[in-house]
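Below is one structure, written out as C-alpha cells; the observations come after it.
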Amino acid sequence: MAVVYEKTKMLTDKPLHYCPGCTHGIIHRLVAEAIDELGVQDKAIGVAPVGCAVFAYDYFNCDMMEAAHGRAPAVATGCKRVNPNNVVFTYQGDGDLASIGAAEITHAATRGENITVIFVNNAIYGMTGGQMAPTTLPGQVTTTSPYGRDPNHCGYPIRVSEMLATLDGPAYIARVSVHDVKHIMEAKKAIKKAFQMQIEGKGFALVEVLSSCPTNWGMTPQEALKWLQENMIPQYPLGVKKEVE
Amino acid sequence: MGQKMLMKGNEAIAEAAIQAGCRFFFGYPITPQNQIPEYMSKRLPKVEGGCFLQAESEVAAINMVYGAAGAGARVMTSSSSPGISLKQEGISYIVGAELPCVIVNMVRGGPGLGSIQPAQSDYYQSTRGGGHGDYRMLVLAPSSVQEAVELTQKAFDLADKYRNPVLIMGDGLIGQMMEPVEMPEYVKPELPEKTWAATGWKPGCGRDRAIINSLYIDPNVLEQHNRKLFAKYAVMEQEECRWQEEMTDDADYVIVAYGTTARIARSAMRKLRENGIKVGLIRPITLWPFPNAPIQKAAEHAKAFLTVEMSMGQMVDDVRLAVNGKKPVEFYGRTGGIVPTVREIVEQIENMAKEAK
C-alpha cells in the first residue's frame, strides 16, 4: 500500500505542549515540512524565542539555539555569519519580535541578513498569561488591557510586515494565515519560499503567520479561528509585501 | 616574537585577539574603547574567514556573540561600563549555555552615563557575575599594554577550556595609552573539540542534536546544572588564580591594587622604600578568582594593608575577606574618572605608619 501521508522527519517525537486548538502545532509542521522537502535538515539551525514556542528546540529535529527574549535575529546573525552554508531560521512570537525585539528584527532585515524568520502573530502574550502585545487590536481585552486596548492611551498595533517591507534590505516578506485549509496551503507555500530564498542566497525573508490563541482569547478553538478571520485579517491584510526577483 | 611596536592598548588587544584566532567581532561604539571595533573593522575583512559587524546595540552585539560562539567560532565583543551593563543579560545566557567568548570592558566612571575617564568601579559587577543568576566569569586585569596582549590571547584559551566567557577588565587608561609592545607568536594549546556546537545535524551523523540553551524548567535539573557550573568554578579557583607580588617578604605595609592603579602604587612603593618605610605590593591579575593566598601569607607579618582603587572601594571587600580581621585593611580611592597620584598614596601609607607609632 502506498504511503500518502506521514509525519515529517523534521519534527521529533516529543509531544507538543501547546494548548488545545492553538495553531502553533500547524505552523511547526509547515516549517518542518518545508525544511524536509528542500532537503536541508542537515544544514538547518533553528533559533527558538521566549514565549509559547520557547521549547521549539525540543520539536524541530535539527541543531537548535535558544535565544533571549527578542534577540533571536541577533543570535541567528552570529550563527549564520560563522557558517554561511547553514540554513538558519528564527521562530518568534509577536511579543518577542514586535516589542522587545523590534530593534533586532529591524536591523537584521535592513542588513539583508540571509536568514528566514517565521513570525507568529496571535495578538497577545500567550506564555505569560494573556497580556497586551504590540499587535493587540484596538478594543481587545487582555489581562493588562482589561477595559480593551485604548489607542489613545497605549497606541496602535504594529503592522510588522508592512513596516519591514519599506526597507531596502529584505528579499521576501509575506503575511499568511492558518485559520482554514486553503490558507494553510498558502502559508506552506510562503514558508517554503522563505527558506528557498535563503538557500539561493537572496537575503532576509520573513513570513508573518496570523495565529489563534483560544486559551488567552477566552474562546473555543472554532470561535478563535472565526475571530482571527473576522478581526485580525482586516487589521493585518494578507499577501506578499515584498519580493525581490 | 615579532619586533617591538608602539601601540594603543585598545588596538593591541584587537590585534592579539586576531593572532589568537578570533575571526568574529560584534560591537557597538562607546568611548573609551572605540579603537577596538575600529581596528577590527579594518583588519578582520582582510583575514581569511574574518567578519566584523557593527551591531545595532550592545544588546544585539552580545547576542550575536552568543550565536557565533554557539556555532563554534572564536568570538569577541568589547564595550565600556554602560555598554557592559546592557550586555549583562546576554552574558548570563552565555554562561548558562556554557559558551566560550571574550568580552573586553574598558571601564569608565559611573554610575549612569558617568564620565569617559578611567575608573575601576565595575569591580563588583565583573567579579560577582554581573547579570542575573548564580555564576562567575574569569576576570583578567592587565596593567600594561604588553600584559593586555598576553592576557587577551590567554583569555581565548581559557574561554574554550572552561566553556565560559572570560572578561578582560581594563580601564580607560589601559585602552588609550600607547606603549611599546611585542606581539607574541600565538601557539594554540590542546583544547577539547567543540562537538557541542550547532553546525548542522542529521540522524546518524555521530553526535546528538546540538541544543544551545540555558533553560532548565525542572528545578532539580537546573540545580544540577548550577552545581556543575560551580564545580567548574572550583577548578578555576584552583588553577587559574594569577597575581604579582613585589617586595612583600619584609613589608610592614602591603598595598593591594590592580590595573593602572597598581602602576601608580608601584611608584609609591619605591618612593616609600627610599624614605625607609618597608612597603610591598600585591597586584591581582585575576580579579576572579581573587588571589587570597598571597594576601593571607602577607597578613602573617605585615602591620596593615592599603587597598587603592579608582572607585569608592570595591576590591577592598575581597582583601578584607582574605585578611579575615587579622590586620587592619585601609582603603584609598579616587572616583569619577580621577586617577590617584603617587603622592596621595605615599601620604596614605605615611599616615598609617605614623598612627602605628
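Bear in mind these aren't lab numbers, they're just calculated from the coordinates by the rules spelled out. The structure displayed is predicted, hence computed values, not measured ones. Cβ: placed from backbone, ideal geometry, glycine included. Neighbour counts: every protein chain shown.
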- If you take the C-alpha gyration tensor of the range A:119-194, multiply each eigenvalue by 5 and take the square root, what semi-axes do you get, largest first, in whole Å? 27, 17, 10
- Message: Residues of the range B:66-101 with the amide nitrogen closer than 15 Å to a label point 7 Å from the Cα of B:Ser57, along Cα-to-Cβ, please.
- Response: B:82-91
- Euclidean distance of C-alpha centroids, the range A:79-107 and the range B:146-193, integer Å: 31
- Note on the structure: Percent antiparallel among DSSP beta bridges confined to chain A, nearest 5, equals 20
- Note on the structure: For the protein assembly as shown, the charge dipole (Cβ of Lys, Arg +1; Cβ of Asp, Glu -1; about the Cα centre) points to a positive end, and the Cα of B:Gly21, B:Val102, A:Ala171 closest to that extreme belongs to B:Gly21
- Using the Kirkwood radius built from alpha carbon pairs, what does the Stokes-Einstein equation give as D for the range B:123-179 at 37 °C and 0.692 mPa s, in µm² per second? 271
- Expressed in angstrom, Rg and Dmax over the Cα atoms of the range A:192-245 are 15.1, 43
- Assuming a viscosity of 0.692 mPa s and a temperature of 37 °C, what translational diffusion coefficient in µm² per second does Stokes-Einstein assign to chain A, Rh being the Kirkwood radius over Cα pairs? 184
- Taking a quarter of the surface of the Cα convex hull of the range B:46-151, what do you get in nm²? 7.5
- Among all stretches of chain B without exposed GluC sites (Glu not before Pro) (DSSP loop, at most 13 other Cβ atoms within 10 Å), which one is longest? B:49-184
- What angle do you read, to the nearest 10 degrees and between 0 and 90, between the alpha-carbon axis of helix B:58-70 and the longest principal axis of chain B? 60
- Task: At 7 Å along the Cα-to-beta-carbon direction for both A:Glu162 and A:Glu223, put a label point, then send me their distance in nm to one decimal.
- Result: 2.9
- Among A:Tyr125, B:Ile174, B:Val323, the residue whose Cα sits farthest towards the positive end of the charge dipole of the protein assembly as shown, when +1 is placed on the Cβ of each Lys and Arg and -1 on the Cβ of each Asp and Glu, is B:Ile174
- Message: Run the paramagnetic zone check for B:Leu191: 7 angstrom along Cα to Cβ, then residues of the range B:97-112 with backbone nitrogen under 11 Å.
- Response: B:100-102
- Item | Alpha carbon centroid spacing (whole Å) that separates the range B:95-131 from the range A:168-238 | 42
- Item | Simple spin-label estimate for B:Ala231 and A:Lys182 in nanometres, 7 Å along Cα-Cβ | 6.0
- For the range A:1-137, what relative contact order do you get, as a whole percent, if you take Cα pairs closer than 8 Å and at least 6 residues apart? 21
- Item | Virtual spin-label span in nm between A:Lys14 and B:Ser41, 7 Å along Cα→Cβ | 4.0
- Does the range B:244-356 classify as rounded, prolate or oblate by the C-alpha gyration tensor (a ≥ b ≥ c root eigenvalues; a/c under 1.5 gives rounded; else a/b over b/c gives prolate, otherwise oblate)? rounded
- Message: Starting from the Kirkwood Rh over alpha-carbon pairs, what translational D in µm² s⁻¹ does the range A:1-144 have by Stokes-Einstein at 20 °C and 1.002 mPa s?
- Response: 135
- Query: chain B: Rg/Rh from Cα coordinates, Kirkwood Rh?
  - Reply: 0.99
- Note on the structure: Computed from the beta carbon distance with a Förster radius of 56 Å, FRET efficiency for B:Lys303 and B:Arg207 to the nearest 0.05 stands at 0.40
- State to the nearest 20 debye the size of the charge dipole of the protein assembly as shown about its Cα centre, where the only charges are +1 on K and R beta carbons and -1 on D and E beta carbons. 280
- Item | In degrees, nearest ten, helix B:81-96 long axis to first principal axis of chain B (Cα) | 60
- Message: Charges at C-beta only: +1 for Lys and Arg, -1 for Asp and Glu. How large is the resulting dipole of chain B about its Cα centre, in Debye rounded to 20?
- Response: 140
- Message: For a quick size check, give me the Cα extents of the protein assembly as shown along its three principal axes, largest first, whole Å.
- Response: 95, 54, 44
- Task: Could you tell me what % of all Cα pairs in the range B:4-90 have separations over 20 Å?
- Result: 28
- Message: How big is the dipole moment of the range A:24-243 about its Cα centre under a simple scheme where the beta carbon of each Lys and Arg is +1, that of each Asp and Glu is -1, and everything else is neutral? Debye, nearest 20, please.
- Response: 340
- Please go through the range A:192-224 and write out the chymotrypsin sites (Phe, Trp or Tyr not before Pro) that DSSP classes as loop and that have at most 12 other C-beta atoms within 10 Å. none
- Could you give the DSSP H helices of chain A that reach 20 angstrom or more along their long axis (alpha carbon positions) and whose average Kyte-Doolittle hydropathy is no lower than -0.5? A:181-199
- Query: What's the FRET efficiency of B:Lys354 with B:Met247 using the Cβ-Cβ distance as r and R₀ = 22 Å, to the nearest 0.05?
  - Reply: 0.60
- Task: Work out how far the C-alpha atoms of the range A:66-122 reach from end to end along every principal axis, then list the three figures in whole Å, largest first.
- Result: 32, 19, 16
- the range B:244-356 - percent relative contact order, Cα under 8 Å, separation 6 or more: 30
- Task: Find, among the GluC sites (Glu not before Pro) in the range A:158-211, those assigned to loop by DSSP (not H, G, I, E, B) with at most 13 other beta-carbon atoms within 10 angstrom.
- Result: A:Glu200
